[in-house]
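The structure under discussion appears below in the form of structure tokens.
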Amino acid sequence: MSASTSFTHDADMISDKRMLCMVNQLGMEGYGIFWALLEMLCKEDEHKLPIDTIPALAARWETSKAKVETVISKYGLFDIENGAFFYSQELIDDIKAIDDRLQKRKNSAMKAIKTRWEKQKMLAEKSTENNDKNGENNTYVIRTNYERNTNVSNSYNNKEINSLENQKDTFLPQKVSFPPITPLYNINNNKNNNWGKIDRGVGEGRKNNTKPFVKPTLDEIKSHIEEKGLDIDAEMFYTYYESVGWMIGKKHMKNWRMAIMTWVRRQRGDWDYGKRNTEPAASPYDGCLH
């Protein structure tokens with residue numbers, strides 16, 4: 001029984017004289033019947049089919065019995081055995097060549113596997129002999145390169161550690177004592193001395209006491225101005241800072257009450273920045289509320 005389930009299809013099979021004659025008489029239908037017969041024979045154990053299966057094959061392929069018999073018997077493409085079976089010797093030879101190649105590859109693979117296992121067995125026996133000589137446990141397990149290298153590395157490290165232990169007294173530094181460092185906040189710690197208070201509010205325990213800015217209402221501004229007795233226009237102050245988003249330059253306002261005092265000083269003309277103009281900055285809303 002063949003192990004192959006395929007066969008070769010020559011690219012120039014259509015140019016064979018027998019094929020040309022068959023196609024000339026039966027057309028490409030005869031060519032199709034030929035390859036269908038080869039496929040049926042390839043799946044058989046001995047690559048033979050009985051003659052009495054021809055009617056069933058013709059019915060299955062929707063062709064005539066006469067055409068199938070003509071393809072088998074007329075053009076020398078098939079051989080008939082004792083009038084009972086037909087087969088293709090060319091197909092059998094082709095399948096045998098394929099089986100031979102497969103078997104050759106299988107034998108080569110088995111040979112390579114056997115050689116590899118024999119080599120491993122030999123290495124295991126040598127490893128066992130070396131272990132016995134070194135007084136180690138008898139084992140048939142081959143140590144890997146990692147294990148062998150680890151043993152060598154551990155042996156070298158143990159020697160280095162022992163050498164360092166013997167020489168540690170010669171190169172270890174002596175203990176050096178330093179006087180205690182007096183903290184800065186303890187220097188001349190006095191109630192009347194601000195030096196001792198420099199670290200208050202600094203460190204991990206410091207709390208952020210800054211409150212978020214809350215935009216005042218116009219009534220709050222008027223009330224504050226009246227309470228302080230200031231002479232400024234509350235609506236102008238409110239309208240200006242409302243238009244700039246309660247920003248002072250590029251920073252958000254933090255205290256609107258202090259901003260009112262700044263506004264007052266600018267109006268009085270006593271806001272001095274050296275060479276800066278002491279006049280208050282012109283507002284885009286000047287004159288629009290009168």
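The values are calculated or read from the model by the stated rules, or taken from the named source; none is laboratory data. Computed from a predicted structure; not experimentally measured. Glycine also receives a Cβ, built like all others from the backbone with ideal geometry; neighbour counts cover every protein chain displayed.
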(request) Check whether at least one residue in the stretch 183-193 is of a type in the set (Lys, Arg) and modelled with pLDDT of 60 or more, and report yes or no. (result) no
(message) For the stretch 64-71, check the following and say yes or no: at least one residue is loosely packed, with under 14 Cβ neighbours inside 10 Å, under 56 Å from the mean Cα position of the chain (by Cα) and of a type outside the set (Gly, Ala, Ser).
(response) no
(message) When you scan the stretch 36-55, do you find a residue that is assigned by TED's automatic domain parsing to the domain that holds Glu81, farther than 21 Å from Asp99 by Cα and within 57 Å of the chain's Cα centre (by Cα), even just one?
(response) yes
(request) Return the residue satisfying two criteria in turn: it lies in the stretch 80-89 and is loosely packed, with under 15 Cβ neighbours inside 10 Å and of a type outside the set (A, V, I, L, M, F, W, C), and of such residues it is nearest to Leu20 (Cα to Cα). (result) Gln89
(message) Step by step: first the residues of the stretch 98-148, then only those that are under 28 Å from Glu46 (Cα atoms) and surrounded by 12 or more Cβ atoms within 10 Å (Cβ to Cβ), then the one that is modelled with the lowest pLDDT. Which residue is that?
(response) Asp99
(request) Determine if the stretch 194-203 includes at least one residue that is among the acidic types (Asp, Glu), closer than 30 Å to Met247 by Cβ and either in the same structural domain as Ile260 (by TED's automatic domain parsing) or modelled with pLDDT under 90 (or both). (result) no
